[in-house]
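Everything on this sheet refers to the single structure shown next.
What follows draws every value from the coordinates through simple rules; no lab data is involved. What you see is a predicted model; the values in this text were computed from it and never measured. Don't worry about glycine lacking a Cβ; one is built from the backbone with ideal geometry, like all the others, and counts go over all protein chains shown.
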Amino acid sequence: MQSASSSRESLISRARHAVLASGSQSDDVPMWIQGSWQRCLAQGFSPNQRLGFDVISQAHMRRSREANHCLVLAASSTLHSLATTIAPTRYFAILTNAQGVVVASSGAMDTRDRRAALITREGVDLSERAVGTTAIGGALIEQRDVWLHRGEHFLQTQAVIHALAHRSLVRKANAWACSMSPALMCPSAPS
């Protein structure tokens, strides 16, 4: 008998082939994901390209910190509370501004995991235009909470991550809190 996780991966694989190789639609993944995949193709992304996160200069980090100071201050207790709540799942929380730029992170990150260390740095752009289909990118475009299951990321190098992006309004500023975890370290995503 096929596990729910491998069954889900099979559906995603079938959808990727339909949308990315054939240019058709699929009932196997939500339409917002298919739209994101198509936008990624239009932007020149290739599903097999490696994702490289640029080095963030001290000046860039300082500018980001200054520009988002009020947002981080307003969201800090909520971010800490979220991180504490999800700690047993080994997920961690990332707060981005309305453009998808990381402004803070909290939680049980495995700092030995290079992926976690790279995506939680202040100033990293996690928007769709920068890194392809992500939960944060989807939430920014869709303006609603989204869940992204491993292979639903456009870039295959991200296919080891489950992520949920949740919109929160902090003093009338759009902010996104994203719970993320490497797939091998978290429970299966809801279908």
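Numbers at a glance
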read-out	value
Segments 79-88, 155-164 sorted - mean Cβ within 10 Å per residue, highest first	155-164, 79-88
22 Å tail of the calculated P(r), the stretch 57-185, as % of Cα pairs	28
Distance in nm between pseudo-label sites at HIS69 and HIS17 (7 Å out along the Cβ direction from Cα)	5.5
Relative contact order for the stretch 57-185, counting Cα pairs under 8 Å that sit 6 or more residues apart, in percent	23
The stretch 51-151: chymotrypsin sites (Phe, Trp or Tyr not before Pro) falling in loop per DSSP and having at most 12 other Cβ within 10 Å	none
Förster-model FRET efficiency, 30 Å R0, GLN143 and ALA117, C-beta, rounded to 0.05	0.55
For the stretch 113-166 and the stretch 7-39, distance of Cα centres in Å	17
